[in-house]
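Report on the structure given below.
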Amino acid sequence: MNQRMIRMLKGAKAAVIAGDAHEALRIIEGFSQLAERIGVPEEDREFLERQLGELRYLAEASVSGAKRAIEQVAAIMQAARSLQTYDETGRKQSTTTAAPSAQRF
């Protein structure tokens with residue numbers, strides 16, 4: 001097994017876990033180029049496929065988590081824009097606020 005390939009996969013995994021998509025993509029592209037250049041021995045394919053499958057799973061989970069976070073922030077912003085209060089008789093009063101939209105997540 002090529003130790004450089006293993007280090008690259010570990011680095012890509014660490015980058016995905018850290019949320020550094022650019023670094024993960026850079027490492028994966030380097031891994032792909034290395035694999036094309038030197039080839040992958042048949043006896044190493046199963047191990048590499050498992051490692052790549054785990055990396056894919058982590059990346060998909062990261063995307064899913066980011067989408068949920070964006071949805072939650074949007075719900076919080078919507079709630080903040082339409083604060084509801086009650087007047088002295090107990091009737092619900094709705095007041096729209098002009099909260100600035102989030103520019104970055």
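Please go through the range 25-40 and pick out each residue that is in contact (Cβ under 8 Å) with a residue 12 or more places away in the chain and exposed (fewer than 14 other Cβ atoms within 10 Å of the Cβ).
Within the range 25-40, just I38 meets the criteria.
Where the second residue is among the small types (G, A, S) and not in a helix (DSSP H, G or I) and the first is without any contact (Cβ under 8 Å) to a residue 60 or more places away in the chain and lies in the range 55-74, which pairs have Cβ atoms under 7 Å and are six or more apart or on separate chains?
These pairs meet every condition: S62/G19; V73/A102.
What number of residues within the range 1-24 satisfy the criterion of being closer than 14 Å to V40 by Cα, open to solvent by 60 Å² or more (accessible area, probe 1.4 Å) and part of a helix (DSSP H, G or I)?
Going through the range 1-24 one residue at a time, the tally reaches 2.
Which one of these does L55 not meet: (1) loosely packed, with under 14 Cβ neighbours inside 10 Å; (2) closer than 21 Å to Q3 by Cα; (3) not aromatic (F, W, Y)?
Just one mismatch for L55, condition (1).
Out of the residues in the range 82-105 that are modelled with pLDDT of 70 or more and charged (D, E, K, R), state the one that is least open to solvent (accessible area, probe 1.4 Å).
Restricting to residues being modelled with pLDDT of 70 or more and charged (D, E, K, R), the top hit is K92.
The values are calculated or read from the model by the stated rules, or taken from the named source; none is laboratory data. It should be emphasised that the depicted structure is a prediction, and the values quoted were computed from it without experimental measurement. For neighbour counting, all protein chains shown are included, and Cβ atoms are generated from backbone atoms with ideal geometry for every residue, glycine included. What goes into the accessible areas is simple: the full protein's heavy atoms, side chains included, and nothing from ligands, DNA or RNA. Shrake-Rupley method; radii C 1.70, N 1.55, O 1.52, S 1.80 Å.
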